[in-house]
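Asker: Here it is, the structure in full.
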Amino acid sequence: MHGMAESERIIAKAKELGFDLCGIAPVKGLTDLAHLEEWLERGYAGQMQYLHDPRRADITRVLPDARSVIVCALNYNTASPASTEAASQAADQELHGWISRYAWGDDYHAIISKELERLIAAMRNYFTCPFQARAYVDTGPVSERLAAQKAGLGWQAKNTCFINEKFGSWLFLGVILTSLDLSPSNAEYGMPAADLCGNCRLCLDACPTGALVEPYLMDARRCISYLTIELRESISEDLRAPMGWQVFGCDICQDVCPWNHKAPVTSASSFQPRRKLLAPELKWLLSLEEDEFRRLFSGSPVRRAKWRGLVRNACIAAGNLGDRYPVNTPDRLQIRMRLSELSKSADLLIAEHATWALARFATNE
C-alpha cells in the first residue's frame with residue numbers, strides 16, 4: 001500500500017483543480033448489496049433500468065484490478081433563493097415553473113469529468129508504476145454517495161442525499177476507480193463520518209408526494225425528480241397536483257434541510273443560473289418547439305428530460321397554478337390558449353397532460 005503522503009498529494013491536487021472536497025477509500029464494501037437488492041425488488045427504481053446493472057454488486061466487474069476509489073466533490077450552491085422561498089415570494093401576474101438548482105447552469109457531467117481526467121493525468125506524472133484509472137460522474141455502476149461516505153466526507157441523509165457538514169448537500173460527486181492501493185483519507189479515524197441527521201425529519205414531512213417512505217428510504221417512482229426527468233410516460237394523476245410548479249427536478253427535501261441553510265455559495269460561473277432558467281415563465285416553456293429546445297438547452301442538464309418531457313411537466317405546473325390569478329390576466333389567457341393548442345398535439349403524451357391542465361383551468365373558473 002502507498003503511504004499517506006501519496007494520498008495527501010492526490011487530495012491536494014484535487015483541491016488545486018477546484019474541487020471543494022476529496023477523499024480516498026478502499027473499494028472493498030463499496031456496494032451495500034443487501035440494501036440494493038431489496039430496494040430493486042420493491043420496484044422503487046421505477047424505469048431506471050441502469051440501476052439493475054449487475055456490475056453494481058461487484059466493483060471489480062467495472063475495473064478488475066480496482067483497489068481504491070478517489071471521491072471528489074464540487075459545491076454548486078448559488079446565492080439564488082430556495083424553491084420553498086421563491087414559491088411564497090412569487091407575486092407577479094405571470095405563472096412560473098421551477099427548475100432544480102443543480103440544472104441552472106452548465107452540465108456538471110462535462111465539467112467534473114474534465115477535472116477528474118486532469119487529476120488522473122497528474123497522478124500519472126507522480127506515480128512511476130503503471131496503474132489503471134477510470135473516472136465516473138453519474139455515468140457508471142458506482143454509488144458515488146456510498147463511496148463519499150466511506151471516504152469520510154459526510155453521510156447519506158434521511159432524504160438519501162449525501163451531506164457534508166460544511167457544504168450541506170449542494171455537492172456534485174465524481175469518482176476515480178484505480179488499481180493503486182492508496183491509504184484511506186480517513187485512516188486516522190478508521191470509520192466513515194457520523195450521521196448527523198439526529199431526530200430531524202423535516203425532509204420526510206416536506207416531500208409533497210410521499211416519496212420518502214421512511215428515513216433513508218426513497219420510492220423513486222413517487223419522487224418529483226424521477227417523474228419530471230426519468231419517467232418517459234404519463235405521470236399518474238394522483239401525483240400531478242402534489243408536483244406543484246416543479247418542471248425539472250425538485251429541491252424541496254434539500255431546501256428544508258438545516259445543513260443547507262448556512263452552506264457557502266460557489267463563485268463558479270458554470271453553475272450560475274442561465275438566462276430564463278431561474279423560475280422560468282410557463283408560457284415560454286409551453287411555447288418551445290423541439291428544435292429551439294435542443295438549441296437553448298445545449299450543454300444543460302435539462303436536456304435529459306427531452307422536449308416532450310419538459311412540455312409535459314410545464315402542462316402540469318400550469319394546471320396546478322391556474323387558480324393563482326384572476327381569470328382575465330393576459331398571462332393566464334395566453335397559457336390557456338397554448339394549452340388548448342397542445343391538447344390537439346399529435347404527441348399523445350403532451351395532448352393528455354395539456355387536456356388535464358385545461359380541465360383544471362375550467363374547474364378553477
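Asker: What size of dipole, in debye to the nearest 20, comes out for the chain about its Cα centre when the only charges are +1 on Lys and Arg C-beta atoms and -1 on Asp and Glu C-beta atoms?
Answerer: Its charge dipole is roughly 540 debye.
Asker: Sort segment 180-259 into rounded, prolate or oblate with this rule: let a ≥ b ≥ c be the square roots of the eigenvalues of the Cα gyration tensor; rounded if a/c is under 1.5, and if a/c is not under 1.5, prolate when a/b is larger than b/c, oblate otherwise.
Answerer: prolate
Asker: Shifting gears a bit: Could you state, as a whole-number percent, how many of the C-alpha pairs of segment 209-349 are farther apart than 24 Å? Don't skip to the end; give the middle numbers.
Answerer: On the way: 3723 of 9870 pairs.
For segment 209-349, the fraction of Cα-Cα distances above 24 Å is 38 percent.
Asker: Now for a separate question. With point charges of +1 on the Cβ of Lys and Arg and -1 on the Cβ of Asp and Glu, referenced to the Cα centre of the chain, which listed residue (Leu296, Ile335, Ile24) lies farthest in the positive direction of the dipole?
Answerer: Leu296
Asker: Given labels modelled 7 Å from the Cα in the Cβ direction, how far is it in nm from Ser267 to Met337?
Answerer: Those two pseudo-labels are separated by 4.7 nm.
Asker: Hey, how many Å between the Cα centroid of segment 155-169 and the Cα centroid of segment 194-255?
Answerer: 16
Asker: Please label the shape of segment 240-306 as rounded, prolate or oblate, based on the square roots a ≥ b ≥ c of the eigenvalues of the alpha-carbon gyration tensor (a/c under 1.5 means rounded; beyond that, a/b larger than b/c means prolate, else oblate).
Answerer: Oblate.
Asker: When averaged across all projection directions, what area in nm² does the alpha-carbon convex hull of segment 127-199 cover?
Answerer: Projected area, direction-averaged: 6.1 nm².
Asker: Let me ask another. List the aspartates and glutamates whose Cα sits under 17 Å from the Cα of Lys262, skipping any in the same chain fewer than 8 residues away.
Answerer: Asp20, Glu85, Glu165, Asp251
Asker: Taking 0.36 nm per residue of separation and subtracting the Cα-Cα distance, what length does fully extending Asp53 through Ser80 add?
Answerer: Details: separation 27, 0.36 × 27 = 9.72 nm, distance 3.69 nm.
Roughly 6.0 nm would be gained on extension.
Asker: Compute the distance from the alpha-carbon center of segment 292-309 to that of segment 328-343, in whole Å.
Answerer: Value for the Cα centre distance between the two parts: 23 Å.
Asker: For a quick protection proxy, order the peptides 210-222, 336-348 by their average other-Cβ count within 10 Å, most packed first.
Answerer: Sorting 210-222, 336-348 by mean packing, highest first, produces 210-222, 336-348.
Asker: Another one. Students often check this: by mean Cβ neighbours within 10 Å, which of 243-249, 295-301 ranks highest, and how do the rest follow?
Answerer: In decreasing order of mean packing, 243-249, 295-301 become 243-249, 295-301.
Asker: Please work out whether segment 1-103 counts as rounded, prolate or oblate from its C-alpha gyration tensor, where a ≥ b ≥ c are the square roots of the eigenvalues and a/c under 1.5 means rounded, while otherwise a/b larger than b/c means prolate and anything else oblate? Before the final figure, lay out each step's value.
Answerer: Values: a/c = 3.80, a/b = 1.40, b/c = 2.71.
Note, shape of segment 1-103 comes out oblate.
Asker: A further question on this structure: Excluding same-chain residues fewer than 8 positions from Lys283, which aspartates and glutamates have a Cα within less than 12 Å of its Cα?
Answerer: Answer for Lys283, where 12 Å is the Cα cut-off: Glu94, Asp331, listed by chain and number.
Asker: Next question, about the same structure. Which of these values of log10 I(q)/I(0) by the Debye sum over Cα atoms at q = 0.08, 0.14, 0.15 Å⁻¹ was calculated from the structure shown: (i) -0.58, -1.08, -1.18; (ii) -0.33, -1.11, -1.31; (iii) -0.43, -1.19, -1.32?
Answerer: The calculated read-out lines up with (iii).
Asker: State in Å² the accessible area per residue of the chain; use a 1.4 Å probe, count heavy atoms of protein chains only, and round to the nearest integer.
Answerer: Per-residue value: 45 Å².
Asker: Between Asp205 and Ala122, what is the label-to-label distance in nm when each label sits 7 Å out along the Cα-to-Cβ direction?
Answerer: With each label placed 7 Å out from Cα toward Cβ, I get 4.4 nm.
Asker: Under the definition of Cα pairs under 8 Å and six or more residues apart, what whole-number percent is the relative contact order of the chain?
Answerer: The normalised contact order for the chain reaches 22 percent.
Asker: Determine the gain in length on full extension of the stretch Glu41-Asp238; use 0.36 nm per residue of separation and subtract their C-alpha separation, reporting nm with one decimal.
Answerer: 68.6 nm
Asker: Sticking with this structure for a sec: Explain nothing, just the number: relative contact order of segment 279-356, from Cα pairs under 8 Å at least 6 residues apart, as a whole percent.
Answerer: Computed value for segment 279-356: 34 percent relative contact order.
Asker: Rounding to the nearest 20 debye, state how big the charge dipole of segment 32-179 is about its Cα centre with +1 on each Lys and Arg Cβ and -1 on each Asp and Glu Cβ.
Answerer: 580
The values are calculated or read from the model by the stated rules, or taken from the named source; none is laboratory data. Predicted model, so just to flag it, every value in this text is computed and none were measured. We place every Cβ from the backbone using ideal geometry, glycine too, and count neighbours over all the protein chains shown. The protein model used for the area step is the full one, side chains on, heavy atoms only, and it has no ligands, DNA or RNA in it. Shrake-Rupley method; radii C 1.70, N 1.55, O 1.52, S 1.80 Å.
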